[in-house]
Structure formats: C-alpha cells, structure tokens
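Structure record follows, encoded as structure tokens.
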Amino acid sequence: MEFIGFLTMAVFIVVVLYLLCRLLLSCWVFPVLTYRKLKKNGLTGPTPSFPLGNLSEMKKKTSQSSTSSSFGPSSNSITHDIHSTLFPYFARWQKAYGKMFVYWLGTEPFLYVADAALLKKLSSEVTAKNWGKPAVFRRDRAPMFGNGLVMSEGDDWVRHRHVITPAFNPTNLKAMASLMVETATTMLDNWATQINTSGIQEIDVEDSITATAGEIIAKTSFGISHHSGSLVFEKLRALQMTLFKTTRFVGVPFGKFIYPMKTLEAGRLGEEINQLFLSIIAARKKSIRSESPQHDLLGMLLKESDKPGNFSKSLTTQELVDECKTFFFGGHETTALAITWTMLLLATHTDWQEQLRAEIKEVVGDKEIDVNNLAGLKKMGWVMNEVLRLYPSAPNAQRQAKDDIQVSEDLTIPKGTNMWIDTVGMHHDPELWGEDVHEFKPERFKMGYLPFGFGGRMCIGRNLTFLEYKIVLTLILSRFSFTVSPTYTHAPSIALSLRPCNGLPLVLQPLN
C-alpha cells in the first residue's frame, strides 16, 4: 500500500512538473527567444511583457479612448479622422517606430504594416498560395468561419477558390439582380409606409439595410426563405458580438479558459449555425433529385463537389458548411456597411446626392434597372471607393508568411511571421492622400487603398458587392432625399467589421 501511495504521488508530481514546464515554456521561454530573434533581424517595437505581450497597454488605451472619444462630445460632431480613436495604440506606436514594427498579442508576435509601398511589393512578389492566416485567429474564429475560404491556406485555399469562383461569374451575378431589386424595393416601401402612417420622418436605416442585405444573400446565394435566412442572420450576429465585443485574451496561452462562459457560448452558437446550414444543404440535395439545380452559390458548391472523379477538388460536408457561414456573413456584412456609411456621407454632403441623382437619371432614366447599364454610374463608383476608403468594412487584414520574404538587403520577414495590415491607417494616411485625407472627396484614388484585401487573396465576392451596392443605392436615391438626424451620435466601432455603434438615424424625405 505504501508503494502504491508513493507511486501515485510520484506520478502526480511528474504531471505537475510537466504542466509547469509547459506553462513556463509557452508563456515565457519561447516568446523571449522569438523576441530576441526578431530584434536581431531588425524588427523592433513596443516592449512586451509576457505572457500578455502588449495586451495590457492595448486594453488600457481602448478603455481611455472609449471614455474620451475624439469624435467629439456633441451628437452633431462628425469627423472622419477615426484611426487614432479606433486604434489609439497603433497611432502612438507608429509615431515611435514608424509604419512597420512588431507588437505582441499575448505570446504571439505580429508585424504591424501600414506601409503602402511595402504592401505593393508583397502583392506583386508573393503568390496567394504562399500567404496563410495566423493560427491564433484561425483557432479563435473557428466557430464563425471554420476552414472556409477566409481561413484556409495553401492547397486547401486553391481548392476552395477553384470550387467557388464559378458562382460569381457575370451571368450568375446578372441573374441575382431582380431579387436584389425586389428585396430592396420592399425595404423602401416599408420606409414610405412608416413615414406616411406615423408622420415621423426619422428612421434608423442601419437595421433595415443590414436585414435587407441578409435577405438578399439568403435568396441569391442560398435560395432560402426569409425565415431561414433570419435565423442564420440572428445566430451569426450573436456569435459576432460574443467573439468581438467582449474582453478576451487572444494570443495568451490558455486564454480561452480565462472567460470560459464566452468560449462555451461561442462554441454553442457555432454549432447551432452548423446545424442550420446542414439542414439547408440536405434540403437542397433532396430538391436537386427532383428539380433542375439552381445556379446560386450553394448550387455551384454542390455541383462541383458532386462531379464524378472530382474527389481531389470536392468539398467535404463540413467544408460546405464553413463556406456557407463565411459567405453568408461576409456577403451581407460588407455590402450593408458600405451602403450604411454611404448614406451617412451623402446625408452630410447633399450636393453629392444631387450629382448621383442626375447621373442615375441620365444612365438609368425612368426604366427598370438594367444591370448592363450600371457600369455607366461612374460617379457612384467614385463615391463607393471614397466611402470604403474612409470607412472600410474590413478595418484590417491578417496574413502569415509561409516562406521567408526578402524585403530588402537588411530586412527579411521570417517564415511563420504573423502580419497585421492596418487598412484604416493607410486609408487615413496624409502622406498617401494629402492633407485633406479626412475629407469626403469621391474624385480621388491612390495606392494604399485596400477595401477588399490585397494580392491574390482579394475578396472573391467583390463584384457581388459592387452590383448590390449600385442597385440598392440607385433605388434609395430615386425615392428619397435624406439628412442626418439631430439624434445621431458619431461613434464608429469595431466588431470584426467597422460599423456605427449607435445605428444611423436619418431624416428621410420622399421624392415626388
């Protein structure tokens, strides 16, 4: 008995020592060695304090900025100088270390990049296949994106891209236009009814635009009902808030155990969304046996996956689900936010409303929208570019170098290096855009503009966004003029995407 007790105690001690050793290596030893290696390679930045890295300073700065916003105390104060408020720590570190430096999320080093010339070089010299995603974000965002196109890497990314690309060819996009018009018209009818019934012209347009964009992606890409689409939308929004609007310690070893309830909630919501899409996929497969297949995104994914002898390129059931989650979220979020921010900027620049109406009258006239004519809306394209410059839906991009990248004779980005590309920082850089960088001037365009990513990993659905944006905005401008409500408070915030924290109440005036 004494021997068994001694053996048990010895095993217990060994296990404890192993865990302590692993904790010591993960939290301090390995990060310190990496820190020294990066510093030796000429990559410096704010001094980390392991195991939190620079998170303490980042969270402190975020807290300070939220209590004294640079957007101004008045609800009528609207400034587009948003970078130093959204990312106060990056703005401060940029002054000290320049447009490229290393900072730490816990024990994970990130190379911060806001240098447009460097990104241009990387875009031209590094193929899409050789860009990966930081493992820390792949794990953290798995409930929302799984191994969909946004998170896949290497040969997997090539395979997924090959399967998905046909869904966004011009013929399929044109076929979606009538559903976009129908759904957006319903939203505008609801606005008109609300104004006529209540006599109140103030409407928070963000909610209805987001819901309409969700309904459009549900119908055009997945062929599902408004009810099913709403269920998915609600679950995805709840998951988005759980992952990106709570205090968490991304990059800290065992960080998910610091807030176990949030971790469990994210996992539960992710699984519920999986089950919703599994039922949608099963229903579509069943309908294909008795009906001709639909040429939407889901139909294309199933078609490519079911081709005989296409096993090496086909997607598994879980990969199908992951792509559905990725495109449902990205497909409605990007467009909805682009239209929302456009309405804010046009509401404060009514001269541009009039210019766009004149262009719509010239190009579209009083006829139904013809997709073939939308390319003629040149000024609307300028407006979209400028809106996405000032308020990019994706405020940053993350990459991981899959091989060593030779930047110059003196600088090499080592294989495995995580990169954080500050899109907002570049879009608000006066060296790129001039001293009027924070002003709304749709006629400009320069390098350093990354609303849909960069290099070979550009957003595959960008043409869908362009189409939906022009259709919905054409319909809105044809039926309403609008100004900013006195109740609006300008407070852009980040929950993965860049969105208005307090909605967007506008005063709408029906035309004719």
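The values are calculated or read from the model by the stated rules, or taken from the named source; none is laboratory data. In this text, all values refer to a predicted model and were calculated from it rather than measured experimentally. Quick reminder, even Gly has a Cβ in these numbers, built from the backbone with ideal geometry, and neighbours come from all protein chains shown.
The number of residues in region 197-223 that are touching a residue at least 12 places away in the same chain (Cβ under 8 Å) and over 22 Å from residue 337 (Cβ atoms) comes to 2. Any residue that is under 22 Å from the mean Cα position of the chain (by Cα), modelled with pLDDT of 95 or more and not aliphatic (A, V, I, L, M) - is there at least one of those in region 342-354? Yes, region 342-354 contains at least one residue that is under 22 Å from the mean Cα position of the chain (by Cα), modelled with pLDDT of 95 or more and not aliphatic (A, V, I, L, M).
Residues that are out of contact with any Ser or Thr (no Cβ under 8 Å at 6 or more places or on another chain) and not in a helix (DSSP H, G or I) were ranked within region 59-81; the one that is modelled with the highest pLDDT is 80. Of everything in region 123-137 that is part of a helix (DSSP H, G or I) and touching an Asp or Glu at 6+ places or on another chain (Cβ under 8 Å), the residue that is surrounded by the fewest Cβ atoms within 10 Å (Cβ to Cβ) is 129. Kindly indicate which of 304, 291, 272 is at pLDDT below 85, farther than 21 Å from residue 216 by Cβ, in contact with a helix residue (DSSP H, G or I) (Cβ under 6 Å, 6 or more places away or on another chain) and assigned by TED's automatic domain parsing to the domain that holds residue 225. One residue alone meets the criteria, 304. Assessment of region 379-394 against the conditions (surrounded by fewer than 20 Cβ atoms within 10 Å (Cβ to Cβ), under 18 Å from residue 341 (Cα atoms) and of a type in the set (Gly, Ala, Ser)) yields at least one matching residue. Residues of region 92-116 that are in contact (Cβ under 8 Å) with a residue 24 or more places away in the chain and of a type in the set (Gly, Ala, Ser): 96, 106, 114, 116. So which residues in region 228-261 are over 21 Å from the mean Cα position of the chain (by Cα) and of a type outside the set (Ser, Thr, Tyr), if there are any at all? Hits for region 228-261 are 252, 253, 254, 255, 256, 257, 258, 260, 261.
For the subset of region 215-257 comprising residues that are crowded, with 16+ Cβ neighbours inside 10 Å and touching a strand residue (DSSP E or B) at 6+ places or on another chain (Cβ under 7 Å), which member is nearest to residue 334 (Cα to Cα)? Once the filter is applied, the top-ranked residue is 240. Checked against the criterion of being more than 15 Å from residue 468 (Cβ to Cβ) and of a type in the set (Phe, Trp, Tyr), the candidates 233, 168 yield just one match: 233. Confirm whether residue 239 is in contact with an Asp or Glu (Cβ under 7 Å, 6 or more places away or on another chain) and either in a helix (DSSP H, G or I) or under 30 Å from residue 28 (Cβ atoms) (or both). Spelling it out, it is not the case that residue 239 is in contact with an Asp or Glu (Cβ under 7 Å, 6 or more places away or on another chain) and either in a helix (DSSP H, G or I) or under 30 Å from residue 28 (Cβ atoms) (or both).
This table checks each residue for (1) closer than 28 Å to residue 136 by Cβ; (2) assigned by TED's automatic domain parsing to the domain that holds residue 464; (3) charged (D, E, K, R).
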{"position": "325", "(1), (2), (3)": "yes, yes, yes"}
{"position": "341", "(1), (2), (3)": "no, yes, no"}
{"position": "361", "(1), (2), (3)": "no, yes, yes"}
{"position": "367", "(1), (2), (3)": "no, yes, yes"}
{"position": "373", "(1), (2), (3)": "no, yes, no"}
{"position": "390", "(1), (2), (3)": "no, yes, no"}
{"position": "394", "(1), (2), (3)": "yes, yes, no"}
{"position": "404", "(1), (2), (3)": "yes, yes, yes"}
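Which residues, taken from region 30-58, are part of a helix (DSSP H, G or I), of a type in the set (A, V, I, L, M) and surrounded by 14 or more Cβ atoms within 10 Å (Cβ to Cβ)? 38, 55, 58, listed by residue number.
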